[in-house]
Amino acid sequence: AVQPDAMPIRKILIVDDAATDRQFLLDALSREGYQCVTAENGEEAVLKSKSESPDLILMDVVMPGMSGTELAKHLRVIKPGLKLLFISGYSDDVNIGAGDPASAYLQKPFTLETLARTIRELLDTTQTGVTRPIPQPNTAR
């Protein structure tokens, strides 16, 4: 029986062209209690984002074909509020997603604790409405 106040299982789409990285992330996030699906490139990720309806997409920035940033542009058109987590081993990519409350960036290598915390924070921003502007009382006279 499902508890009415139980957290729904969140689904993460992992996009990485490196099979070992994909498998590592899949194992790690499955242990954290997430339902995970994978894609090895941007084209596959676009299709799976439609068929699987993930809560968050974790994607490598540097991939052959469609890069993570190109993929993000496509996904923002299809699913504007979708949470995006970019990962990269290149320090040049550090500003990707800056200023977008629905996305975050992690520099490789990162710890599983950091990954889990970043994903939780990213998913929680929608749930609690933190990313919405707080209405200010009208102080203009």
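The values are calculated or read from the model by the stated rules, or taken from the named source; none is laboratory data. Since this is a predicted model, take the numbers as computed values, not measurements. Every residue, glycine among them, receives a Cβ derived from its backbone with ideal geometry; neighbour counts consider all protein chains shown. Accessible surface areas use protein heavy atoms only, side chains included; no ligands, DNA or RNA. Shrake-Rupley method; radii C 1.70, N 1.55, O 1.52, S 1.80 Å.
Looking only at residues in region 60-85 that are buried (at least 18 other Cβ atoms within 10 Å of the Cβ) and in contact with an Asp or Glu (Cβ under 7 Å, 6 or more places away or on another chain), which one is nearest to residue 10 (Cα to Cα)? Once the filter is applied, the top-ranked residue is 83. Residues in region 86-105 that are touching a residue at least 24 places away in the same chain (Cβ under 8 Å) and open to solvent by 80 Å² or more (accessible area, probe 1.4 Å): 90 only. If the condition is being more than 15 Å from the chain's Cα centre (by Cα) and surrounded by 15 or more Cβ atoms within 10 Å (Cβ to Cβ), then region 5-20 contributes only 17. Mind checking which residues of region 120-141 are assigned to a helix (DSSP H, G or I), at pLDDT below 90 and not β-branched (Val, Ile, Thr)? Scanning region 120-141 gives 124, 127. Applying a threshold of 7 Å to beta carbon distances and a minimum spacing of six or more residues, or different chains, the list of pairs starting in region 46-63 at a residue that is touching a residue at least 12 places away in the same chain (Cβ under 8 Å) and ending at one that is polar (S, T, N, Q) reads 57/49; 60/88; 61/67; 61/69; 61/88; 62/88; 63/41. Return yes or no: is residue 56 closer than 19 Å to residue 107 by Cα and in contact with a Lys or Arg (Cβ under 8 Å, 6 or more places away or on another chain)? So residue 56 fits the description; yes. Does residue 116 satisfy being touching a residue at least 60 places away in the same chain (Cβ under 8 Å), in contact with an Asp or Glu (Cβ under 7 Å, 6 or more places away or on another chain) and either more than 15 Å from residue 10 (Cβ to Cβ) or aliphatic (A, V, I, L, M) (or both)? Taking the combined requirement at face value, the residue satisfies it. When region 21-46 is filtered for residues that are over 17 Å from residue 113 (Cα atoms) and open to solvent by 50 Å² or more (accessible area, probe 1.4 Å), the ones remaining, listed by number, are 23, 35, 40, 43, 44.
Look at (1) closer than 16 Å to residue 16 by Cα; (2) open to solvent by 60 Å² or more (accessible area, probe 1.4 Å); (3) of a type in the set (Asp, Glu) and you find that residue 121 fails only one, number (1).
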